[in-house]
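Working notes, structure below.
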Amino acid sequence: MKPPAPFTDPSLEAFRKQIAAVAQRKDRGALAKMVVTKGFFWENEDGNGADPKKSGSDNLAEALGLDAKDGSGWEALAGISADPTAAPDPDKKGVVCSPAGPSFDDKAFEELVKATQTDPAEWGYPVSDGVEVRAAPQAGAAVTEKLGLNLVRVMYDDSPAAAVNGNSEDWTRIVTPGGKIGFIAASSLNALVSDQICYLKDGTSWRIAGIVGGGGQ
């Protein structure tokens, strides 16, 4: 597995920092000026979920849930825009989407999913080589091994016992490539499939052109 590389365009990096600042202020007016005025798209399970009767910024707000009282939509916007990676959308000229996904053998992955009778959504990849796997969801727990740049199966555990043992959203329960169960810091593992924000460069300025996912998927 090869992790995605940062998208090296200083102007996009600056634009994403502006988005993060707007997200911190929860400024819908400022955000609206950063979205394309025409052609905004929202790719979800049903196709293009964007309402043509609504503005691009209103569609973006609905896709991310910016009206949620707990502020989770703004947190999602800040989190996605902070990712340094991006990859061109093969179906949309000039559009790049972020976060970008890793590179791996699609056929081999299909065989892996079939052989293990798992769902593709159960798999993720480490953010770097050498992520430490611990015996328990605690920073002081023994390190049982270190991950290489391989796909890793996530084993979600919502049982009462997991809560009692200190399992939390700060830790992710996984099965290592060798078949052992362990825990890694949640921030050290990326999902294979995640919500993406797509950007389009209009002249010298970037705009948010669309979103992939969203809607609580």
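The numbers here are math on the coordinates, done by the rules we state, and not lab data. Bear in mind the structure is a predicted one, so any value in this text is a computation, not a measurement. Neighbour counts are summed over all protein chains in view; Cβ atoms, including those assigned to glycine, are modelled from backbone coordinates with ideal geometry.
Please return the longest range in the chain lying between exposed loop sites, taking GluC sites (Glu not before Pro), DSSP loop only, at most 15 other beta-carbon atoms within 10 Å, and leaving the sites out.
Working: sites that count: 45, 169.
Longest site-free region, per DSSP loop and neighbour criteria: 46-168.
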Practice prompt. Give, in whole angstrom and from largest to smallest, the semi-axes √(5λ) of the equivalent ellipsoid of segment 106-191, with λ running over the eigenvalues of the Cα gyration tensor.
Written response: 22, 15, 10
Discussion item. I'd like the antiparallel share, as a percent to the nearest 5, of DSSP beta bridges with both residues in the chain.
Written reply: 90
Worksheet item: Under the rule of -39500 (n - 2.57) per DSSP H run of 4 or more residues, summed and divided by the residues of the chain, what mean residue ellipticity at 222 nm is obtained, to the nearest 500 deg cm²/dmol?
Response: -7500 deg cm²/dmol
Response to the item:
So, over other residues within a Cβ distance under 11 Å of residue 86, counting Lys, Arg +1 and Asp, Glu -1, the net charge is -3
Worksheet item: Hull surface divided by four, with the convex hull built on the Cα atoms of the chain: how many nm²?
Response: 13.8
